[in-house]
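My questions all concern the structure below.
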Amino acid sequence: MKKKIFRSVAIFLMFCLVVTSAIIAEGGVRTVDAATFPRIGWTDSYISRRTGPGASYISLQALTPGTLVTVVGQAANGWWRVSNGGYVNHAHIIFDTVLFHRIACPM
């Protein structure tokens, strides 16, 4: 029984080591794959959620830095479509989970 527990723990620790190594090899940053939705991101500055994918569309809501958004799609010009309706400029949405954790949960 002890050997089975030891073996299970050893396999789990090896798995954790491999995953951690992969994250470190990527620089600790996870990026969004444009073909995979939904994704949670956050705003890096003051931006507007708009009725369409561009600055010429009507603003629905002003978003402050650090606002969480759920991205559900991407327009041809790169603007992100968000879950609560409307679009936000892709240049101001961050998907870096490591950086977000440092800002949202400072030690």
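Hey, can you tell me all the residues within the range 47-92 that are surrounded by 16 or more Cβ atoms within 10 Å (Cβ to Cβ) and at pLDDT below 90?
Q74
All but one of (1) modelled with pLDDT of 90 or more; (2) loosely packed, with under 14 Cβ neighbours inside 10 Å; (3) hydroxyl-bearing (S, T, Y) hold for T31; state the number of the condition that does not hold.
Status for T31: all satisfied but (1).
Residue-wise test of (1) in a loop (DSSP other than H, G, I, E, B); (2) in the same structural domain as F95 (by TED's automatic domain parsing); (3) under 15 Å from F95 (Cβ atoms).
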site: G41; (1), (2), (3): no, yes, yes
site: R49; (1), (2), (3): no, yes, no
site: G52; (1), (2), (3): yes, yes, no
site: A62; (1), (2), (3): no, yes, no
site: V69; (1), (2), (3): no, yes, yes
site: G73; (1), (2), (3): no, yes, yes
site: N77; (1), (2), (3): yes, yes, no
site: N84; (1), (2), (3): yes, yes, no
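The values are calculated or read from the model by the stated rules, or taken from the named source; none is laboratory data. This structure is a prediction, so every number in the text was calculated from the model and none was measured. Positions of Cβ are generated from backbone atoms using ideal geometry, with glycine treated the same way; all protein chains shown enter the neighbour counts.
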